[in-house]
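The values are calculated or read from the model by the stated rules, or taken from the named source; none is laboratory data. Bear in mind the structure is a predicted one, so any value in this text is a computation, not a measurement. Every residue, glycine among them, receives a Cβ derived from its backbone with ideal geometry; neighbour counts consider all protein chains shown. Only protein heavy atoms, including side chains, enter the accessible area calculation; ligands, DNA and RNA are left aside. Shrake-Rupley method; radii C 1.70, N 1.55, O 1.52, S 1.80 Å.
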Amino acid sequence: MLYQNAYSGIKKIFSAEVIQLLGIILFSVASVMAALITLNMGGGNVEASAGLALFMLLFMITAAVLVIIGAILSIVGLVKAGNDEPCFKTALIFVIVSAAFSAVSVCFSNNGNVHSICETISKISDLLVTYYVIQGVISLADKLGDKAVSQKGYTLIKVIVAIYAVGIATLLCYGLILANTTFVALSAVLLIVSIVLSVISYILYLSLLAKAKKMLA
């Protein structure tokens, strides 16, 4: 195996993404349960609320554990893959930056400006983590002469750029809504497009990592 470290690292990154996805799904289910509990409490159905609350707590704890395990596994994977391809080391730097600013945003949750700035930097850092992982895969594919994987990586970058552009456009529309309500419909459409593109990009990202594993095996 020519790039054994990269293979082992990407394999861990792929597993981390799947684990974190499961955590996000469980957290989403817990959020739905929280809404149902509120409705039941309003209707006076205390027993049903108590049962749902127990399941909600279980789902939230499980989700948190999965997200933490996924994050640790992702970091280990980036460190490992970084031994064969520098782009993964760069991605690791932005993981640290994202975590640091995310922590600061929590500490300054009562300060709107600081919280907003830190959250923005954290999200941009997350985007750059994904970008450099993809660039790492593309670099390895180019070295191995696998044009299919390389092209898939470039396509994914274009999709991510499109999502980012739609996201900015949506934010601008939200600002313009305050001055002109005709932008409400456009903003809603852009939001739906952004969600659809996000789902597509995540599927493509997992597919790229899977193909990268197969390429390096």
Can you pull out every residue in region 1-11 that is open to solvent by 60 Å² or more (accessible area, probe 1.4 Å) and within 20 Å of the chain's Cα centre (by Cα)?
Lys11
Can you tell me how many residues within region 100-128 are polar (S, T, N, Q) and surrounded by fewer than 16 Cβ atoms within 10 Å (Cβ to Cβ)?
6
Every residue from region 129-145 that is open to solvent by 30 Å² or more (accessible area, probe 1.4 Å) and touching a Leu at 6+ places or on another chain (Cβ under 8 Å)
Leu144
Given the condition outside any helix (DSSP H, G or I), open to solvent by 50 Å² or more (accessible area, probe 1.4 Å) and without any contact (Cβ under 8 Å) to a residue 60 or more places away in the chain, answer yes or no: does some residue in region 86-99 qualify?
no
Taking Ser49 and the conditions (1) over 19 Å from Tyr202 (Cβ atoms); (2) at pLDDT below 85; (3) open to solvent by 40 Å² or more (accessible area, probe 1.4 Å); (4) of a type outside the set (A, V, I, L, M), which numbered condition does it fall short on, given that it satisfies the others?
(3)
Every residue from region 70-88 that is within 17 Å of the chain's Cα centre (by Cα) and not β-branched (Val, Ile, Thr):
Gly70, Ala71, Leu73, Ser74, Gly77, Leu78, Phe88
Under the condition of being hydroxyl-bearing (Ser, Thr, Tyr), within 30 Å of Ala81 (Cα to Cα) and open to solvent by 40 Å² or more (accessible area, probe 1.4 Å), which residue from region 166-217 is modelled with the lowest pLDDT?
Ser198
Given the conditions (1) assigned to a helix (DSSP H, G or I); (2) touching a helix residue (DSSP H, G or I) at 6+ places or on another chain (Cβ under 8 Å), which single one is not true for Thr120?
(2)
Take the residues in region 56-71 that are touching a Phe, Trp or Tyr at 6+ places or on another chain (Cβ under 8 Å) and over 27 Å from Ile10 (Cα atoms); name whichever of them is least open to solvent (accessible area, probe 1.4 Å).
Phe59
